[in-house]
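K.L.:
I am attaching a structure below and will ask some questions about it afterwards.
The values are calculated or read from the model by the stated rules, or taken from the named source; none is laboratory data. Only a predicted model underlies this, so the values are computations on that prediction, with no experimental measurement involved. Neighbour counts run over all protein chains shown; Cβ positions are idealised from the backbone, glycine included. Calculation scope for accessible area: heavy atoms of the full protein, side chains included, ligands and nucleic acids excluded. Shrake-Rupley method; radii C 1.70, N 1.55, O 1.52, S 1.80 Å.
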Number of protein chains: 2
Amino acid sequence: MRIGVFDSGLGGLTVVKQIKKILPEVQIIYLGDTARVPYGTRSPEIINKFSGECANFLEQKNIEMLVIACNTSSAYAFEKIQKEAKMPVYEMISWGVKEAWEKTKNGKIGVIGTRATIYSHKHKNEISNIWERACPLFVPLVEEGEIEGEIIEGVVNKYLGDMPKEIDTLILGCTHYPVLAGVIRKVVGGEVALVDPGERLAKELSKLIKINELSQGDEYYFTDMNERYLQVAQMFLGEKIMGKVQKISL
Amino acid sequence: MRIGVFDSGLGGLTVVKQIKKILPEVQIIYLGDTARVPYGTRSPEIINKFSGECANFLEQKNIEMLVIACNTSSAYAFEKIQKEAKMPVYEMISWGVKEAWEKTKNGKIGVIGTRATIYSHKHKNEISNIWERACPLFVPLVEEGEIEGEIIEGVVNKYLGDMPKEIDTLILGCTHYPVLAGVIRKVVGGEVALVDPGERLAKELSKLIKINELSQGDEYYFTDMNERYLQVAQMFLGEKIMGKVQKISL
């Protein structure tokens, strides 16, 4: 089973990590658009264009399933990609929503994401009373390894310090955010359930996928790559990037 | 006089601001690669490619002079662009160095910039004992309007808190940094001279340029544009973006 996964950059590797935890036998063909990351600050038109180019690249890699790991791409480009793809396509928004609905006890749900994701109101379309908050500084901070300490705590507090007390479930609507779960908990309180859409997606895939043969080894493609990217990639993936790492142009 | 100015994004508008202050009559043809900003976290190969595409675009706009406002582009792409261009090309590194040499009293100079700019050691090639520090979080913070308050002060302190006491002159080696002059002064002390290479470049241009006719109105091109970008653009430029704003593809 060859699963294509793309993301604006390295963050989607947190989704790959979840998939590989439950389905270690699948073969991952990953594309990170590191030359043009981040997507979450850009306009819908550009997000659509870049996401479509990522999907096209992976579709030519003989994949049997396509995962749009980037929540921003999921919010703006899923419909078009799904319509044109010849294989099943999965996105992140609906899994986050599903998991949150199942976890909440009082129906009070929040979602955090990039500016573009939040402004798309895709989560709000499903949960009309959802509390939404764009957290545009989380991605650059995580990419700089600022995942604990005063600076990130200050920023988390800036965005989430005023989260309504009644919210009992918070969707982490960006692939970078699971890495911040610890500091987010510190600010919003340990009793709030944090939803990682990638974790739920991995569970769903495990119900669908039957493995008949041994994996051929993963492939990782990036539109830009250097030593530091590799380090961050391994932080997200939680292991060394084994298999093929290749730099490509879209 | 038509001057082409390009930058990875909006930051180069601080250079335009300096040019227009001294030379209000020149016509600015600005290109901001907002669809692919930032450059300062990417690899030399990609920086070179993107910068070359920006230069090519402007060269076709009938400009008489080209300014590479982006310090990261200046560090990696100046030689190649200059070699191929049919008009004079100006970059930022050498003007920052020149101004710093003239301002320093004790010869102890520092430079801050993006990771790519600092790792290029272009300043160090000119000033061998220079103190260098990459400040990768400054760009995203400034773009989010975090230019005063606890968060930015914490980050400035993280990068500059250990700057050697003997440094009397600090080059702001990124177009975004002049906006942070206030908070940088607070951390490094008011007696340190801050060098804005864009200011010096504008002075140099004013010696060269003779205006014979009235400006035709500025033109601003961006590879991505939305309402928020426009707001940040005006913060950098210090005035409303008059003239033509157009979204283009490279």
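K.L.:
Under the Karplus relation 6.51 cos²θ - 1.76 cosθ + 1.60, θ = phi - 60°, what is the ordered set of whole-Hz ³J(HN,Hα) values for region B:142-159, x standing for Gly and Pro?
P.N.:
In residue order, the calculated couplings are 5, 4, 8, x, 7, 10, 8, x, 4, 5, 5, 5, x, 6, 4, 5, 4, 7 Hz.
K.L.:
Separate question: Averaged across the residues of A:145-154, what count of C-beta atoms belonging to other chains lies within 10 Å of each residue's C-beta?
P.N.:
On the way: counts 0, 3, 0, 0, 2, 6, 8, 2, 1, 7.
Mean partner shielding for this stretch: 3.
K.L.:
For region A:13-23, just list the computed ³J(HN,Hα) in residue order, Karplus coefficients 6.51, -1.76 and 1.60, θ = phi - 60°, integers in Hz, with x standing in for Gly and Pro.
P.N.:
Residue by residue, region A:13-23 yields 5, 5, 6, 4, 4, 5, 5, 5, 5, 8, 10 Hz.
K.L.:
What does the highest-first list of B:97-106, A:92-101 look like by mean Cβ count within 10 Å? Walk me through the intermediate numbers first.
P.N.:
Working: B:97-106: 16.3, A:92-101: 22.6.
Top of the packing list down: A:92-101, B:97-106.
K.L.:
Per residue, how much accessible surface does chain B expose to a 1.4 Å probe? Answer in Å², no decimals. Could you put the intermediate results ahead of the total?
P.N.:
Numbers: 10190 Å² over 250 residues.
The answer is 41 Å² per residue.
K.L.:
Chymotrypsin sites (Phe, Trp or Tyr not before Pro), restricted to region B:14-59: which are DSSP loop and have at most 11 other Cβ atoms within 10 Å? The partial results should precede the final answer.
P.N.:
Working: sites: B:30, B:39, B:50, B:57; in loops: B:39.
Loop-located and lightly packed - none at all.
K.L.:
Per-residue accessible area for residue B:79 at 1.4 Å probe radius, Å² rounded to 10?
P.N.:
100 Å²
K.L.:
Hey, which residue of A has the C-beta nearest the axis mapping A onto B, and what's the distance in Å?
P.N.:
Closest Cβ on chain A to the axis mapping it onto B, in Å: A:140, 2.
K.L.:
So, one more: If we count every other residue with Cβ under 12 angstrom of residue A:86's Cβ, Lys/Arg +1 and Asp/Glu -1, where does the sum land? Walk me through the numbers before you get to the answer.
P.N.:
Details: positive: A:83; negative: A:59, A:64, A:84.
The answer is -2.
K.L.:
A further question on this structure: Roll a 1.4 angstrom probe over the protein heavy atoms and tell me the percent of accessible area of chain B that is carbon or sulfur. Could you put the intermediate results ahead of the total?
P.N.:
Numbers: 4940 of 10190 Å².
Carbon-and-sulfur percentage of accessible area, whole number: 49.
K.L.:
Still on this structure: Find out how many positive minus negative residues lie around residue B:136, taking Lys and Arg as positive, Asp and Glu as negative, among other residues whose Cβ is under 12 Å from that of residue B:136. Could you put the intermediate results ahead of the total?
P.N.:
Details: positive: A:228, B:42, B:115, B:133, B:158; negative: A:143, A:144, A:146.
Surrounding charge for residue B:136 is +2.
K.L.:
Run through the other copies and list how far each one's label point is from that of residue B:128, in nm with one decimal, shortest first; the point sits 7 Å from Cα along Cα-Cβ.
P.N.:
Copy-to-copy label distances for residue B:128: 7.3 nm.
K.L.:
About the Cα centre of region A:65-176, what is the dipole size in debye to 20, counting +1 per Lys and Arg Cβ and -1 per Asp and Glu Cβ, all else neutral?
P.N.:
Details: 13 positive and 16 negative charges, 118 e Å.
It comes to approximately 560 debye.
K.L.:
How far is residue B:246 from the same spot in each other copy, in nm, shortest first, if each label point sits 7 Å from Cα toward Cβ?
P.N.:
In nanometres, ordered from closest: 3.9.
K.L.:
In nm, one decimal, shortest first: how far is the label point of residue A:49 (7 Å from Cα along Cα to beta carbon) from the matching points in the other copies?
P.N.:
Relative to the other copies, residue A:49 has label-point distances of 1.6 nm.
K.L.:
Same structure, new question: Keeping all protein chains in place and using 1.4 angstrom, which order do A:245, A:67 fall into by accessible surface area, from largest down?
P.N.:
A:245, A:67
K.L.:
Classify region A:138-250: rounded, prolate or oblate, from the alpha-carbon gyration tensor (a ≥ b ≥ c, eigenvalue square roots; a/c under 1.5 rounded; otherwise prolate if a/b is larger than b/c)? Before the final figure, lay out the partial values.
P.N.:
Values: a/c = 2.96, a/b = 1.45, b/c = 2.03.
Oblate shape, in that a/c is at least 1.5 and b/c is the bigger or equal ratio.
K.L.:
Still on this structure: Check residue B:109: other-chain or 5+ apart residues with amide H under 5 Å from its amide H, H built from backbone geometry?
P.N.:
Long-range HN contacts for residue B:109: B:131.
K.L.:
Here's a follow-up. How many angstrom lie between the Cα centre of region A:161-195 and the Cα centre of region A:9-84?
P.N.:
After rounding, the separation between the Cα centres reads 24 Å.
K.L.:
Mind checking A:129-138 for the average number of partner chain beta-carbons within 10 Å of each residue's beta-carbon? All intermediate terms of the calculation are to be shown ahead of the outcome.
P.N.:
Values: counts 0, 0, 0, 0, 0, 0, 0, 4, 7, 0.
Counting Cβ atoms of other protein chains within 10 Å of each residue's Cβ and averaging gives 1.
K.L.:
Quote the total accessible area buried by chains B and A together, excluding ligands, DNA and RNA, probe 1.4 Å, nearest 100 Å². Provide the component values of the computation, followed by the final result.
P.N.:
Numbers: alone 11300 and 11270 Å², together 20360 Å².
For B against A, buried area totals roughly 2200 Å².
K.L.:
Any of B:103/B:165; A:80/B:244; B:83/B:103; A:21/A:240 with alpha carbons more than 21 Å apart? Name them for me.
P.N.:
On the way: B:103/B:165 17 Å; A:80/B:244 32 Å; B:83/B:103 31 Å; A:21/A:240 14 Å.
Over 21 Å Cα-Cα: A:80/B:244; B:83/B:103.
K.L.:
Evaluate the charge dipole of chain B about its Cα centre and quote only its size in Debye, nearest 20, assuming +1 on the Cβ of each Lys and Arg and -1 on the Cβ of each Asp and Glu.
P.N.:
On the way: 31 positive and 33 negative charges, 83 e Å.
That gives chain B a dipole magnitude of about 400 debye.
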